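Peer 1: Let me give you the structure first, and then I'll get to my questions.
The values are calculated or read from the model by the stated rules, or taken from the named source; none is laboratory data. What you see is a predicted model; the values in this text were computed from it and never measured. In this analysis, Cβ positions are derived from the backbone assuming ideal geometry, glycine residues included, and neighbour counts consider all displayed protein chains.
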């Protein structure tokens, strides 16, 4: 039985990844850049330094940090007006894990204040034992740091922890940390590389319950 479950947030717990992509593109336009969706999909969960280097290589003069502030403003305005929507099966899975004494942590590239707000608005905050952000570790995803730190915070070995992710960079991070990694695709499905890194790919979070019940995790 797994002893802890560590979740990504955007695109895994919250249905916000599609907004992040939309607002990256919109923010880029504010600075005169016609950023392709595929490039924003590529940088999902990727640490800021690498994202900045990648976008500058594709769009000369692109100031990642300046554009990111505009993207964040667009996102705040959206959440203020529309709130945050949970991905299907979140409540069911979190309740199931909590009832069985499994520790629960969040490992996200999002700022702590935003993660805290989203979890409180959805009513999930008290279900989490720890919220870990990439700002708390040396290297962001796809490096394993954030998942290793989350495991340390809940006091469990990575091999005894389930990691749940939706993005390629998140999968690489969780897998390299040694966690039992499950992919719940959001904007992109698993490819051959990712299938080699995960225990399973399921359509919704609630399907993870079946994996646990049948001993696949």
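Here's the yes/no breakdown for (1) at pLDDT 95 or above; (2) over 16 Å from residue 12 (Cβ atoms); (3) not in a helix (DSSP H, G or I):
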site	(1), (2), (3)
34	yes, yes, yes
39	yes, yes, no
52	yes, yes, no
61	yes, yes, yes
73	yes, yes, no
110	no, no, yes
118	yes, no, no
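Peer 1: Still on this structure: When you go through 162, 106 one by one, which is the residue that is under 23 Å from residue 68 (Cα atoms), in contact (Cβ under 8 Å) with a residue 24 or more places away in the chain and touching a strand residue (DSSP E or B) at 6+ places or on another chain (Cβ under 6 Å)?
Peer 2: The conditions single out 106.
Peer 1: Still on this structure: Being under 13 Å from the mean Cα position of the chain (by Cα), surrounded by 17 or more Cβ atoms within 10 Å (Cβ to Cβ) and touching a residue at least 40 places away in the same chain (Cβ under 8 Å) is the requirement here; does residue 124 meet it?
Peer 2: Answer is no for this residue.
To keep it simple, each residue is scored yes or no on (1) in the same structural domain as residue 130 (by TED's automatic domain parsing); (2) under 21 Å from residue 49 (Cα atoms); (3) surrounded by fewer than 21 Cβ atoms within 10 Å (Cβ to Cβ).
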{"position": "146", "(1), (2), (3)": "yes, yes, no"}
{"position": "159", "(1), (2), (3)": "yes, no, yes"}
{"position": "162", "(1), (2), (3)": "yes, no, no"}
{"position": "173", "(1), (2), (3)": "yes, yes, no"}
{"position": "185", "(1), (2), (3)": "yes, no, yes"}
{"position": "193", "(1), (2), (3)": "yes, no, yes"}
{"position": "196", "(1), (2), (3)": "yes, no, yes"}
{"position": "202", "(1), (2), (3)": "yes, no, yes"}
{"position": "206", "(1), (2), (3)": "yes, no, yes"}
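Peer 1: Consider only pairs whose beta carbons are under 6 Å apart and that are at least six residues apart or on different chains; among these, list those whose first residue lies in the range 56-80 and is in the same structural domain as residue 28 (by TED's automatic domain parsing) and whose second residue is outside any helix (DSSP H, G or I) and buried (at least 16 other Cβ atoms within 10 Å of the Cβ).
Peer 2: 56/62; 59/33; 62/33
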